[in-house]
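The values are calculated or read from the model by the stated rules, or taken from the named source; none is laboratory data. Since the model is a prediction, treat every value here as computed from it, not as a measurement. A quick note on method: Cβ atoms are made from the backbone with ideal geometry, for glycine too, and the neighbour counts reach across all protein chains shown.
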Amino acid sequence: MSTATRWWWIRHAPVPDGGRIYGQRDLDCDCSDTETFRILARELPRDAVWVTSNLVRTRQTAAAILAAAEADRFADVAPVAVRELAEQHLGEWQGQERKAFYAARRVGTHTLWFAPADERPPGGENFSDLVQRVAPAIARLNLEHRGRDIVAVTHGGTIRAALGLALGLTPQTSLAFSVENCSLTRLDHLTADGGLGLWRVIAVNHRPWSRAPAGEHPGHNPVAIDKA
C-alpha cells in the first residue's frame, strides 16, 4: 500500500505593482476579495500543514484564507515560512516597467516568461536556479509530513517548478503552465516502503470561484501572461 502526501498549492493574491516587475521585491498583495478567499477555504482540508514563502504577499494571502474560513475550520493553524519557496529573484529586472520590458522581449508572443529558463538576470537567478532550490525543499517537506495534507501558499514560479518536478519536465517546458493569482494546483506524492515515490497530478490552475451557475457554460477566458 502506498502513502499519499497531498499538496494544495495556492498562488498569492494580486499585487498592486504599479505596472512594474516585482520578482522577489517584498510587496503587499490585495486581499480585499473576501469571497474568493471564502470559497478557497472551503476547498482546503481541515487537518493540514500550512507553509508559505518568506515574502509578505504569501503570508497575507494565507492569513486572508484563514480569516475567511468558517469558525473553527482551521483552529490553531500557524503557517510556517519556507524561504526556499520564494519567487524567482529577477535581479536588475525588478522594478522595471513591465509593459516596455514585455515589448522588448516579446513576452506573450515568443516567450511565456521573462526569459528562457537558463538565462540569468543581472544580479538575480534564472528559472533553473529556482527549480534547484525548490525541489529539495519539497523533498524535505514530503519526508517531514509524509501522509499529511500540505497547503503551500507561494508563487507562480514556485508552483511551475513543483509541476515540472511532478511531471519530470525540463525547466523550460515547465514555464508553459498558467498559474493565476489565488488558483489552486493539486499534487499527490505517493510513496511505499522502499520506493522512490510517484507524483499524481489532480488539478492545475483550478479556480473554484469561477464555476458557472447550473445550466450555463463558462465563457472563454483569453490566455494571460502571469506577472511577477
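Quick notes
- Counting only helices (runs of 4 or more DSSP H) that sit completely within segment 115-215, those holding 1 or more residues that are over 26 Å from Glu43 (Cβ atoms) and at pLDDT 95 or above correspond to 127-144, 171-174.
- Contact annotation: residue pairs with Cβ atoms under 6 Å, 6 or more positions apart or on different chains, pairing a residue in segment 148-168 that is basic (Lys, Arg) with a partner that is modelled with pLDDT of 95 or more and assigned to a helix (DSSP H, G or I), are Arg160/Ser174.
- Enumeration of residues in segment 168-195 that are in contact with a Leu (Cβ under 7 Å, 6 or more places away or on another chain) and either among the charged types (D, E, K, R) or under 15 Å from Ala135 (Cα atoms) (or both): Ser174
- Tally of residues being surrounded by fewer than 14 Cβ atoms within 10 Å (Cβ to Cβ) and either in contact with a Leu (Cβ under 6 Å, 6 or more places away or on another chain) or part of a strand (DSSP E or B) (or both) across segment 69-96: 1
- Residues that are of a type outside the set (S, T, N, Q), touching a strand residue (DSSP E or B) at 6+ places or on another chain (Cβ under 7 Å) and assigned to a loop (DSSP other than H, G, I, E, B) do not occur anywhere in segment 51-67.
- Residue within segment 29-40 that is closer than 22 Å to Ser210 by Cβ, assigned to a helix (DSSP H, G or I), among the aliphatic types (A, V, I, L, M) and out of contact with any strand residue (DSSP E or B) (no Cβ under 6 Å at 6 or more places or on another chain) present: yes
- Residue match in segment 47-67 (condition: under 22 Å from Arg186 (Cα atoms) and modelled with pLDDT under 95): yes
- Residue in segment 20-30 that is closer than 21 Å to Leu184 by Cβ and at pLDDT 95 or above present: yes
- Answer residue from segment 29-55, given it is touching an Asp or Glu at 6+ places or on another chain (Cβ under 6 Å) and buried (at least 16 other Cβ atoms within 10 Å of the Cβ) and is farthest from His206 (Cα to Cα) among those: Leu55
- Residue that is surrounded by the most Cβ atoms within 10 Å (Cβ to Cβ), among those in segment 1-13 that are farther than 13 Å from Thr58 by Cβ and out of contact with any helix residue (DSSP H, G or I) (no Cβ under 6 Å at 6 or more places or on another chain): Trp7
- Residue within segment 97-105 that is outside any helix (DSSP H, G or I) and either at pLDDT 95 or above or among the acidic types (Asp, Glu) (or both) present: yes
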